[in-house]
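Take a look at the structure below.
The values are calculated or read from the model by the stated rules, or taken from the named source; none is laboratory data. Keep in mind that this is a model prediction, so the values were computed, not measured. Glycine gets a Cβ as well: all are built from the backbone with ideal geometry, and neighbour counts include every protein chain shown. Just so you know, the surface numbers come from the protein's heavy atoms only, side chains and all, with ligands and any DNA or RNA stripped out. Shrake-Rupley method; radii C 1.70, N 1.55, O 1.52, S 1.80 Å.
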Amino acid sequence: MEASKLPYSFAPFPYSTLTSTNRPKCHLPISTGKSFFSTFYIYSLLNPSNFQNYRDFIAQSLANSGMTTSARDTRFIVNTSASVQPVTEDVVSESSQELPTSGNSIRRRFLEFYAARGHKILPSSSLVPEDPTVLLTIAGMLQFKPVFLGKVPRQVPCATTSQKCIRTNDIENVGRTSRHHTFFEMLGNFSFGDYFKKEAIKWAWELSTIEYGLNAENLWISVYEDDEETYAIWHDEIGVPATRIKKMGEEDNFWTSGATVLVDLNDDTRFIEFYNLVFMQFNKNEDGSLEPLKQKNIDTGMGLERMARILQKVPNNYETDLIFPIIEKVAEVANVSYALTDDSTRTKLKVIGDHMRAIVYLISDGVFPSNIGRGYVVRRLIRRAVRTRKLLGITGDEKGNFEGAILPIFAEKVIDMSSEIDPDVKARKARILEEVKREELRFVVTLDRGDKLLVEMLAEAKEVAKINKTAARLSGKNAFLLYDTYGFPVEITMEDAHKEKVSIDMSEFDAEMEIQRRQSQAAHNTINLTVENGSELTENMPDTEFLGYDTLYSRAVIKGLLLSGNSVAEVSEGSEVDILLDRTPFYAESGGQIGDRGLLRVTETESGKTAVVEIADVQKSLGNIFVHKGMIKEGSIAIGREVEAAVDAKLRQRAKVHHTATHLLQAALKKVIGEETSQAGSLVAFERLRFDFNFHRQLADHELTKIEDLVNEWIGDATPLQTEVMPIADAKSAGAIAMFGEKYGEQVRVVNVPGVSMELCGGTHVSNTSEIRGFKIITEQGIASGIRRIEAVAGDAFIEYVGDRDNYMKQLCSTLKVKAEEVPSRVAAIMEELRVAKTEVSAARAKVAVYKASVIANNAFLVGTSTKIRVLVEFMEDTDADSLKSAAEYLVGSLQDPSAIILGSSPGDEKVSLVAAFSPSVVSMGIQAGKFIGPIAKMCGGGGGGRPNFAQAGGRKPENLSNALEKARTDLVSVLSEKAS
């Protein structure tokens, strides 16, 4: 294994020269002779309210839908008995780049294992869940929750996934423990009424002991104390000794009566929970009784990072190949050695490595930094990463090409490693890096202001100390000012103060924090956001009165202000702020429709100046509390001030047009491809609309044309829309369909296009279909198994789209010097000319290659004693792959039988071509071209194969080609000499 691939760096001197005090420290008690244990838990939920983390989530999710399940809990506890040792130089030659224990291999092997047992491999769902009760995707079962609840029929009897997950409830433990992360992958196998306990346990054991090769004698199981069925399967059928099956109670207390081994399975320095099987078996009634479910389900979760840690035998999840390359990049930029640095620095490196994964995948899934909800999760992670890299001493000087931003350098590393986790990430690279850079630079400005002020404060503290002849001390109030006003981390303040030999009055700082908390709680018109659930407001904040169905203008009173997530009384010019109003004409994002934009104006302030706030977005929090996100362009605003709220009318009209067009699109889809299709998601934006729907195949061109024609026909009918608020039961009876992802109360708003569409919808719509003007589908594509997506434009966006395409056509006509109707035939003619030209060029290149081959044929040499074999191994410079093949075919014919030819070339940057051609007599000796060329190509960063007599391969490391050809020559001579002796 290359040193750069190891979990510890050996620079700047070999490991063997390290002393006992500076050797990399393992975080497990290896030196005491204790075995290193891993834990495999298989859960059964009998009383979900007492279960923690993953189990709580399942219980709460089901409870939110009026159903409580119960399952019998069995934990599979693995004692790997493999001591985790520091990496030494003896290990260097033991591994290759793609190990069976690599994270990618573990993931593939899990999915393929269950696919071979009848499971459908399904893609990871987005980190933005369709479930409105959950902020982010926190478990693998989330995408199957409607199936488990019986709300939708199962599409497959059983499935397996590798699910991207985000959890921030333990964010303070990231980097400090061996296993906490914000982003992680959960491998899972799921049964929807197909198989149950016996198969799940058998396969889990087989996967762990055979597929992954864990020592069966080191595996511990825990089961729920009353679940005798599961206990019997483990003990009687699998054969796990009773001493290694631990029973646990409702509060995770482990049962230790009788002749058992006294172990604490909660001791995560010895045990790792890595696999977790949930047996959904009962519905819990209101009286506490358990009623068997009609359909018994299986839901499992295996932490990929944890299994990688176990199989790769490293002391924590961070030092696996899933995360360590990112940490290594951070260490390189920080100019530190992970192996040689202290634990505090390692923790900081781990924090950045962890957070960058979460940041990249969240942004890729469409979550952008903001001050509310999911966006605030991203913002908080980016700010934590910026703060941490600052503590590491990483600045923006001459690092990368991101205008002083550093995090994009680390984000690039995450993106490079993303292919097998989410193949769409690389396609979104530019947007991801731009968002990370923008957010980092914005926060750096705040930190820089705090830096300058801190320098002044420290200088003043030292000057005062000099006059008073006392020790220099920074007041807690000043430290709190830096924290509260500038978002300046107190740990950075403490570190800089320490360098200047200035202490900080932390008791005063803590007192200031407590005062702020009390003031926030006492104020009746303030809000309190928590990052974990996005937007949690105090109970006494009333709902916002929405006026936007009838007007785009109103007067309102400011009831609350948020600055960087903190409640404040006043905000001044230049600040981004979240504003709560008592009433508003602004539509808040919901039902797929994005929030309105516009302006808030205050014409009378204490200073007499006008205040202007540009509203860029509006979100809902806790139901019907509207949060207006804006930038103060002029003046200042304060709680209690009256404002004039004005929605941007042009943008609202564009949203209305697209929302009504979405309803018409769904109606057209049902008519053209069948009533069984249903909505799976939507986006109603100013520039376009997006509609996701369930369907099993790509739509044909004639179907898309028919859908467009139907929608445009309904637009031309100039049908007035009808809206009515009614009881939900009446709406359903009338045939109204629900919008995807929406939650409805007893009274609902029904939007009706008579004779065409009737839907429950709280969005804004045109008053007459004629306002839509025109509709055009831009794309239709698959986004997941059984899910299709249509993107389209309507109204002004439609006019702009058609205008742009007309301009492109005019340019094309001018370039080709033909009329518009002649463009297809002219392009076809050009393509044919190009094909003929390419064929001629290829033939010419082949002739040149054959000529070169005839020249180098003289370089062939003889190998063997009893049989003389002509051997030729040559480099043919920039010859392309097809021409290289022609050259090899010529040579194997001209050198006659027996002969063996290996040719290599570098036809372009980061490109290698290889070919092997063996005559029949050579093949009859048991030497096959396809098998021979593979290892040679691997040296060049590629691979390939073919028939026994002829094979081709490629690579991406031309710098290794010379050595690869030399190895080919040596190996060929060796094997032929042996066979022909």
Links that overshoot a 29 Å alpha carbon limit, given the list Lys413/Lys938; Lys145/Lys437; Lys437/Lys559 = Lys145/Lys437; Lys437/Lys559
From the square roots a ≥ b ≥ c of the eigenvalues of the alpha-carbon gyration tensor of region 299-374, which class results: rounded (a/c under 1.5), prolate (a/b over b/c), or oblate?
-> oblate
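Can you tell me the relative contact order of region 143-200? Whole percent, Cα pairs under 8 Å, sequence separation 6 or more. Write out the running numbers ahead of the final one.
Numbers: 62 pairs, mean separation 22.2, N = 58.
Result for region 143-200 is 38 percent.
From the cross-link list Lys671/Lys732; Lys202/Lys296; Lys390/Lys429, which pairs have alpha carbons spaced over 23 Å apart?
Numbers: Lys671/Lys732 20 Å; Lys202/Lys296 17 Å; Lys390/Lys429 25 Å.
Cα-Cα > 23 Å for Lys390/Lys429; rest within.
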Dipole size in debye (nearest 20) for region 562-709 around its Cα centre, Lys and Arg Cβ +1, Asp and Glu Cβ -1?
-> 380 debye
Kindly write out, for region 753-759 in residue order, the coupling ³J(HN,Hα) from the Karplus curve 6.51 cos²θ - 1.76 cosθ + 1.60 (θ = phi - 60°), rounded to whole Hz, with x marking Gly and Pro.
-> 9, x, x, 10, 8, 9, 9
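Based on the mean of other beta carbon atoms within 10 Å per residue, what is the order of 201-214, 770-783, most packed first? Intermediate values should be presented prior to the final figure.
On the way: 201-214: 18.8, 770-783: 16.6.
Put in order of decreasing packing, that is 201-214, 770-783.
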HN-Hα couplings for region 471-478 via Karplus (6.51, -1.76, 1.60; θ = phi - 60°), in whole Hz with x for Gly/Pro, come out as 6, 5, 8, 8, 5, x, 5, 5
Once amide H atoms are built 1.01 Å from N in the peptide plane, which residues 5 or more positions from Ile625, or in another chain, come under 5 Å H to H?
-> Thr544
List the residues whose amide H sits under 5 Å from the amide H of Ser678, counting only those 5 or more places along or on another chain, with H placed 1.01 Å from N in the peptide plane.
-> Asn694
Identify all lysines with a Cα-Cα distance to Lys466 below 23 Å; exclude those on the same chain that are fewer than 8 residues away in sequence.
-> Lys452, Lys477, Lys499, Lys501
Ordering of 626-634, 827-835 by burial proxy (mean other Cβ atoms within 10 Å per residue, highest first) | 626-634, 827-835
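Please say if region 792-834 is rounded, prolate or oblate, where rounded means a/c under 1.5 for a ≥ b ≥ c the square roots of the C-alpha gyration tensor eigenvalues, and otherwise the choice is prolate for a/b larger than b/c and oblate otherwise? Kindly include the intermediate steps, with their values, before the conclusion.
Working: a/c = 3.68, a/b = 2.46, b/c = 1.50.
Prolate shape, in that a/c is at least 1.5 and a/b is the bigger ratio.
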Where a label projected 7 Å from the Cα of Ile783 along Cα→Cβ would reach, residues of region 665-704 with amide N under 13 Å | 679-685, 689-695
Checked region 567-661 with the C-alpha gyration tensor, a ≥ b ≥ c its square-rooted eigenvalues, rounded below a/c of 1.5, otherwise prolate if a/b is larger than b/c and oblate if not; verdict prolate
With θ set to phi - 60° and the Karplus curve 6.51 cos²θ - 1.76 cosθ + 1.60, what are the ³J(HN,Hα) couplings of region 346-357 in order, to the nearest whole Hz, using x for Gly and Pro?
-> 4, 4, 4, 4, 5, 4, 5, x, 5, 4, 5, 5
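What part of the accessible area of region 571-713, given as a whole %, is carbon or sulfur when the probe is 1.4 angstrom? Intermediate results must be reported in sequence, preceding the final value.
On the way: 2460 of 5670 Å².
Carbon and sulfur: 43 percent of the exposed surface of region 571-713.
Could the peptides 895-906, 172-183 be put in order, highest first, of the mean number of other beta-carbon atoms found within 10 Å of their residues? Walk me through the numbers before you get to the answer.
Values: 895-906: 22.8, 172-183: 19.5.
Per-residue mean Cβ counts within 10 Å order the peptides as 895-906, 172-183.
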What FRET efficiency comes out for the pair Thr705/Glu910, r = Cβ-Cβ distance, R0 = 51 Å, nearest 0.05?
-> 0.75
